[in-house]
1. Could you give the length gained by full extension between Ala42 and Asn112, i.e. 0.36 nm per residue of separation minus their alpha carbon distance, to one decimal place?
2. At 222 nm, what value in deg cm²/dmol follows for the chain if DSSP H runs of at least 4 each add -39500 (n - 2.57) and the sum is divided by all its residues, to the nearest 500?
3. Run the quick spin-label model on Arg273 and Ile220: label points 7 Å from Cα toward the beta carbon, then report their separation in nm to one decimal.
4. Which whole-Hz ³J(HN,Hα) couplings does segment 45-55 yield from phi under the Karplus relation 6.51 cos²θ - 1.76 cosθ + 1.60, θ = phi - 60°, glycine and proline marked x?
5. Name the helices (complete DSSP H segments) of the chain with a Cα length along the long axis of 27 Å or more and a Kyte-Doolittle mean of at least -0.5, or state none.
6. For the chain, which span is the longest to avoid every loop-located (per DSSP) member of trypsin sites (Lys or Arg not before Pro) having at most 16 other Cβ atoms inside 10 Å?
7. Once you place label points 7 Å from the Cα toward the Cβ at His33 and Ala150, how far apart are they in nm?
8. If the elastic network links every pair of Cα atoms under 10 Å, which of Ile50, Ile85, Ile220 fluctuates the most in the Gaussian network model of the chain?
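Any read-out appearing in this document is the output of simple, stated calculations on the displayed coordinates, not a laboratory observation. This one's a predicted model, so the numbers in the text were calculated from it and none came from an experiment. For neighbour counting, all protein chains shown are included, and Cβ atoms are generated from backbone atoms with ideal geometry for every residue, glycine included.
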Amino acid sequence: MSMLSSVAERLYWMSRYLERTQDTARLIQSYNHLIMDIPKGAEPPWDIMIDILDARLLFRASFKTGSEHNVLKFLIADNKSSCGIPFAVRAARENVRTTRDVLPEEAWELVNGLHLFVEDHAKNASGRRNRHNFLSEVISRCQMINGLFAASLPRDHAYGFIKLGRLVECADMTTRIMDVGARDIMERAGRLGAIDPLLWGAMLQALSAAAAYRREVGPIIEKDAALNFIFLSSTFPRSIKYFVRETRKELMRLNNHDLATRAVERLSRRLARLDTEHFSSVELHEYIDDFQLQLISLDASIQATWFRWERV
């Protein structure tokens with residue numbers, strides 16, 4: 001390799017934390033849009049976002065109830081919450097600070113600016129008055145940083161590990177939202193049938209997929225079409241199929257990629273056998289649970305191959 005494994009590891013995790021920041025902000029924003037459109041009493045509970053992030057135990061250590069105030073404080077304003085926005089931004093900043101020599105000069109300024117913005121405004125952003133502007137600004141700043149990397153970085157190992165980090169984190173969040181969000185919609189289907197399209201639309205918004213779905217599929221949002229799009233679209237950059245293809249492509253550019261490539265091939269074979277048309281909520285959960293285990297295996301393969309050999 002042409003770069004230190006410690007640098008590659010920091011770039012990988014910088015990218016994961018930036019993606020986590022943006023995805024968490026978008027998840028919260030999409031839920032807020034949903035509660036404005038849906039009849040009162042028909043909305044999913046606020047703490048569904050805690051379940052999506054698999055943070056139930058951590059949340060219960062600080063809060064007794066899954067109220068709007070508690071959930072938003074936990075995800076937006078709590079500096080100690082490892083799945084909240086302040087923690088992810090702080091971790092991304094630290095990884096940029098120690099890799100500034102391989103990144104564009106503006107990267108530190110932009111990531112540090114994001115960190116200072118969150119520090120200054122997060123405490124007041126869990127309330128409804130400031131929430132939308134705060135989340136929109138966080139998403140915009142993350143997109144600006146990713147745009148800088150896309151436009152300025154040579155397509156070398158540094159760019160490759162940044163892209164791998166973003167892909168893995170994106171796939172992790174996509175499958176989490178699909179597991180908890182789609183399963184919740186499927187289990188309540190028929191009870192309030194008129195709002196099912198709103199629920200599926202909110203899930204697509206959480207994945208930044210609503211506009212792309214309308215272009216590729218059409219204006220009507222239904223279960224089978226939505227699941228098929230998120231899993232199998234070959235053009236949408238947050239779909240699982242896109243993740244598998246692009247991850248394989250980046251891995252093939254690296255030396256000693258056999259272990260990680262085999263993990264991606266297992267995901268690819270699993271995806272090829274997918275039949276979303278007949279999925280029940282239980283089958284969806286079982287499928288995604290297995291996919292998450294394979295994703296953990298891929299992440300472990302990346303770390304074992306490229307990040308740990310210097311410490312042996």
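1. 21.2 nm
2. Roughly -21500 deg cm²/dmol at 222 nm, from the helical runs in the chain.
3. For Arg273 paired with Ile220, the spin-label model returns 3.2 nm.
4. Once θ is set to phi - 60°, the couplings for segment 45-55 become x, 4, 6, 4, 5, 5, 5, 4, 8, 6, 10 Hz.
5. 128-152, 157-177, 281-302
6. Working: sites that count: Lys40, Lys64, Lys80, Arg155, Arg191, Arg253, Arg273, Arg308.
Longest stretch, sites excluded: 81-154.
7. In this crude spin-label approximation the distance works out to 1.8 nm.
8. Ile220
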